[in-house]
């Protein structure tokens, strides 16, 4: 457990110091008390643990004291990331619940996160504007001054919807958004960021609206880390959304101060390995900060694979300012999905995910990561995209293939599907119908997108007779989480509240950080001595100080 030859004497404790044996129970207990420092000393060549209240004596005590060979400092959960992140957003812990579309990151989840001292984003993507507006009202009715945010997803096929969402957020004074799936900057998000920009009495630039951008590519991250493009600033001046004075201030700020490096995750993802992506984004941050010299430095958070104390500790060790959870949150009791989906997710393993066509970017060939265990959605969605690529329009398909699609995938005639599709886009985005009237291939895409869109709704609503078609956005993090909680109280779905899950991940990471500090000083212990296992919330709160 120790390499005594490599140890240095840090000092001495009195001979009568209150010490405990260096055994499994004592080590586990001391590591778990996050706010208490640990002295590890030698008595008669055996290691002992000293109470945190013991005081080191000087060199003159060498002949009569206990030599201290290691010191483990306190590690608060709040100190794991960048303290300025918590301060800026008025939260207690550097933990974010990322937005999951169609309200899966629900009002209940956002409220629970806020009350627990963390930050949550409502999953506005895929929801009609009136539903998002109603969600804003519900969140505000539940909270007072606690922070929260809403999602803005890139809509390349429906730009008017993206613009309308920004209009809503500005009108409702939603001052924090999580930008996701962006392929580049758009005028609406720049307009959102710059709305209300001004200078305070001390000459500092004040931006009421803030953006946390979730990205996986350096070229996209660099756009968000840069000031708004000059061409867009000029366009906003011309439209009356920005004054010339505000335009000058806009050149002093990034589009997003906080960039979330999104590794292999559920939903829209490039499946980048976190071990490569996070250091790359941190290096980009440093270059961009040196170039623009922002008053508020850029920060980088980590998303994708956040599932266990080890992954959380690794993200912070690499330099992440904060962490963002997603897949794991979908199985919590506050998530806006069905109990059927929660049960499916609770049995998910790391290899149970695959890529499938995305409804919102179907015609672009963009894919997202979904659950494949217990559902045929990935195969059926891939079949639809294959048909879309092969035929110019539905009339070019052989009748027997059309009939097979109707019977196995749609379970209704294509004419009935189109009726539903027309009704949907008449309210959501009528321009899609205008285009479909003269573009048969686009009409085919809209019909196929009906299935992709319905598949997620069937999952969220728990439509049992369509379970085989459930679209469940999920990354391998879900499987890793299930492996970690196996045999613990968190194995039960009913115990998985968002606060309990999040605090366990943070607390476990802090325990591991203390164990690593011990190991770096030449003292290692068996894994079962560390105790980075799921614990009830009251026990975490008691041990966190």
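Computed from the coordinates by the stated procedures, all read-outs in this text should not be read as laboratory data. Just so you know, these numbers come straight off a predicted model, no measurement behind them. Backbone-built Cβ (ideal geometry, glycine too); neighbour counts: all protein chains shown.
How high is the relative contact order of segment 348-469? Use alpha-carbon pairs under 8 Å, at least six apart in sequence, and give a whole percent. So the answer I get is 27 percent.
In terms of surrounding Cβ atoms within a 10 Å radius of their Cβ, 379, 361 rank from fewest to most as 379, 361. Roughly what angle does helix 498-520 make with the longest principal axis of the chain, taking Cα atoms, 0 to 90 degrees, to the nearest 10? Once rounded, the angle reads 40 degrees. Highest mean first, the peptides 262-271, 221-230, 79-88, 178-187 sorted by other C-beta atoms within 10 Å per residue fall in the order 262-271, 178-187, 221-230, 79-88.
Which shape class, rounded, prolate or oblate, goes with segment 196-329 when its Cα gyration tensor gives a ≥ b ≥ c as root eigenvalues, a/c under 1.5 marks rounded, and past that a/b bigger than b/c marks prolate? Cα axes put segment 196-329 in the prolate bin.
Shape analysis of segment 253-394 places it in the oblate category; the axes a ≥ b ≥ c from the Cα gyration tensor give an a/c of at least 1.5, with a/b not above b/c. Relative contact order of segment 76-220: 17 percent, from C-alpha pairs under 8 Å at least 6 residues apart in sequence. Coordinate range of the alpha-carbon atoms in segment 460-545 per principal axis, descending: 57, 26, 19 Å. Ellipticity at 222 nm from helices only: DSSP H runs of n ≥ 4 in the chain, each -39500 (n - 2.57), divided by the residue count, give -12500 deg cm²/dmol. Prolate is the label for segment 308-456, because a/c, from the alpha-carbon gyration tensor with a ≥ b ≥ c as root eigenvalues, is 1.5 or above and a/b exceeds b/c. Just report the Cα centroid separation between segment 348-367 and segment 467-513, whole Å. That distance is 22 Å.
Which log10 I(q)/I(0) values does segment 272-313 give at q = 0.34 Å⁻¹ under the Debye formula, counting every alpha carbon as one identical point scatterer? One equal scatterer on each Cα of segment 272-313 leads to -1.17. Sorting 290-297, 126-133 by their mean Cβ neighbour count within 10 Å, with the most densely packed peptide first, gives 126-133, 290-297. Counting every other Cβ atom within 10 Å of each residue's Cβ, 425, 481, 470 order from fewest to most as 425, 470, 481.
Rounded to the nearest 5, the antiparallel percentage of DSSP beta bridges internal to segment 79-337 is 5%. Cβ crowding within 10 Å, taken as a proxy for footprinting-reagent exposure, orders 48, 387 from fewest neighbours to most as 387, 48. When only alpha carbons are used to place a centre, segment 109-186 and segment 281-319 end up 23 Å from one another. Over the chain, Cα pairs under 8 Å with separation of 6+ residues give a relative contact order of 16 percent.
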